[in-house]
Structures are given as structure tokens and as C-alpha cells.
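The values are calculated or read from the model by the stated rules, or taken from the named source; none is laboratory data. What you see is a predicted model; the values in this text were computed from it and never measured. Cβ placement follows ideal geometry from the backbone for every residue including glycine, while neighbour counts extend to all protein chains displayed. All accessible areas refer to the heavy atoms of the entire protein, side chains included, with ligands and DNA or RNA removed. Shrake-Rupley method; radii C 1.70, N 1.55, O 1.52, S 1.80 Å.
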Amino acid sequence: MSPLHPLGGDVAADHPGHVFQKFAVGAGEGGSRVAIDIDLAHHLPGNKNRCYDFRPRIDRTREVPRVRMDVIHNNCGSRSNRGSTDTLGMETFHTLKQVLKAKKYSTAVGDEGGFAPDLKSNDEAVELILEAITKAGYKPSEDISICLDPAASEMWEDGKYILFKSTKKAITSDELVRLWESWAKQYPIVLLEDGMGENDWDGWRNLTVALGSKIELVGDDVFCTNPQILQQGIDKGIGNAVLIKLNQIGSVTETLDTMELAARNGYRCFVSHRSGETEDTFIADLTVATGAGHIKTGSGCRSERVAKFNQFLRIEERLKEQAKFAGRSAFRR
């Protein structure tokens, strides 16, 4: 059976006509279960149009990371039980709102539904989410972990990373790698997306050597869902996962080519929405059909984001016992 298509013939036969099933035809025998995704809901993303490096501020003189959380465990046994999984995420999301309000921070949300408060430091963004997880009654690392998307390409200038929205300080590629190493030790981080700039391939290589065996290192800007660029990254040992944006490469065929290439070479696939999103739910079906295991689709407070969560619930209802929750297995850590 193809490493990309976990939906075997028995699943395909049981669910004719559904979008997620169409990718399974001809996938081979076996695959009696299919992984339902992990949602990486945006909670402190900031506004990409105004905030650029990794300081969690949203005014025009500061930078921000996009900090997300992922549900990795929900005590649901063999069934995916997305109702319980979504409950963990949604309860923590709304608890975070209360935490922010108590600290007199703004609870306005951006176009992906994430909070964008004007915080005091880089670390505070992560600390606030950890506080919300605990206050919601869950355990960091055991139930919910942290994912980061610092969009480091926005900081890259003349061979260094410029914190041009705050201190104006320039740091080297090696210093940025050491910063991510420190954070990975300090916090329950399971995924780092675009931790280095798209043109800093030496930095990407060093980051992969330092953290590639410990956490998922996702390339978005550096790979662009492009199989040719991904192959170069594989050859050079860049990252260990690729962000999948279907309308970035432009066709379903090219998207599946990229995902197939990643699977053959041990790279994870992280399916993603875009900032300008609609209520189309195809990426939910794509995530299940290919067994990607994790997706980012936004938070639980905008209808075009919630539409994807609802589609997963419908898919699970159709799959019944053939569905399972991907959980911690979706990540390297």
C-alpha cells in the first residue's frame, strides 16, 4: 500500500462518494483505520500584515510569534472521538480569553481567529497558553502541547535576523538556532514551522541537526508545497516536515506529488489553510485521506475555520470504528 494513502479497499468500499474516500481508490489492501487529524488552533498569532519577527506584540513597533496549541491526548481509546478532542481545544481557547481579560489584554482576534494581544515579551505568549491549559483542567505536554510559527523569513536581511520591529538588534543564524534549542528545552514544544528564513539553508541545516530528532521542523516558505524544492531540501537534510497548502502549488496533482515525495523520505505532512480562507472544507478531507495526521485551520471562533472542524466530525461519523485519533503519533516528540 502507498505510504501516502492509509485508506484501504475496505474503507473505500464502505464510504463511496465521499471526498475523503476518493483518494483511497486503488490504495491497496489493509488500512482498516484512518487517522483523524489533530487541530492546531491559532491562539496568539498576531497579524501577519503588521507584525514580523517573534516578539508577541501587535502594535506597529513590535513583533509576534504565531503560537498554537495541539491536542495530543484525549483518553478516547480506539475511536478518534473528535467531540472530546475539540472540547479540549475549545475549552482552553475560551479559558485563554479569560486569562487575557484578567491581565487587561485585548481579546480581539485576527483573520484566522487567534488572539493578538500586546504582550511584554517573547516568552509571555507561551506562558499565557500554558496558564490557560492548566486553568482549563489539562496538563501541558500530556494533554496539550505547543507549536510555533515565527515566520523567520520576515526577519532575514543581509545574512542576519533583524528584530526590526522592537530592539533593532541583529542576531546571527547560529544565535537563532540556539534560541529555539533553549525554548524546546524550556517548553513542551512539538513543532516549529519556519524557524529559519527561506534563504538561510545553512541555518536550516544547523537547526535540523540540533532539533530534527526531537521535534517536528516544518518548512513552509522554504518548500512552498513544491516537490522540486522539497527534493532539494531532502537532499540537503533541511527540516523533517513540509507544510501543505494546496492553492500555493496550484493543483491537487502537484499537492499529492509533494505529499508522496515527503512520505517516501520520512517527512511529515502538515496540511494548512490560508489567511484568506473560505468555508470550503476540502483540506479536512485531504488530511484524513492522506493520513497527514495534523492540520492547522484557525481557531474556533470564525465560521470559515469552524467549518473544517465540523467536517472532521462528519467524517468520523461515517468512518465509525475505522477512525482513530492520531494523537502523539502525528509528531516526532
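Place the peptides 274-282, 141-149 in order of packing, highest mean first, counting for every residue the other Cβ atoms within 10 Å and averaging per peptide.
Result, highest mean first: 141-149, 274-282.
Given a Förster distance of 41 Å, report the FRET efficiency between residue 169 and residue 98 from their Cβ-Cβ distance, rounded to the nearest 0.05. The partial results should precede the final answer.
Working: r = 34 Å, r/R0 = 0.83.
Step by step, r from the Cβ atoms, then E = 0.75.
Going down the list 101/245; 245/308; 103/245; 104/308; 139/214; 139/160, which pairs span over 25 Å between their C-alpha atoms?
Details: 101/245 34 Å; 245/308 15 Å; 103/245 36 Å; 104/308 31 Å; 139/214 20 Å; 139/160 37 Å.
Where the Cα-Cα span goes over 25 Å, the pairs concerned are 101/245; 103/245; 104/308; 139/160.
Roughly to the nearest percent, how much of the accessible area of the range 205-258 is carbon and sulfur, given a 1.4 Å probe?
Roughly 47 percent of what the probe reaches on the range 205-258 is carbon or sulfur.
What is the sum of charges, Lys and Arg at +1 and Asp and Glu at -1, for the other residues whose Cβ falls under 11 Å from the Cβ of residue 186?
Numbers: positive: 185; negative: 123, 127, 181.
Computed value for this residue: -2.
Please list, in order along the range 219-225, the HN-Hα scalar couplings obtained from phi with the Karplus expression 6.51 cos²θ - 1.76 cosθ + 1.60 (θ = phi - 60°), rounded to whole Hz, x for Gly and Pro.
x, 9, 4, 6, 10, 6, 6
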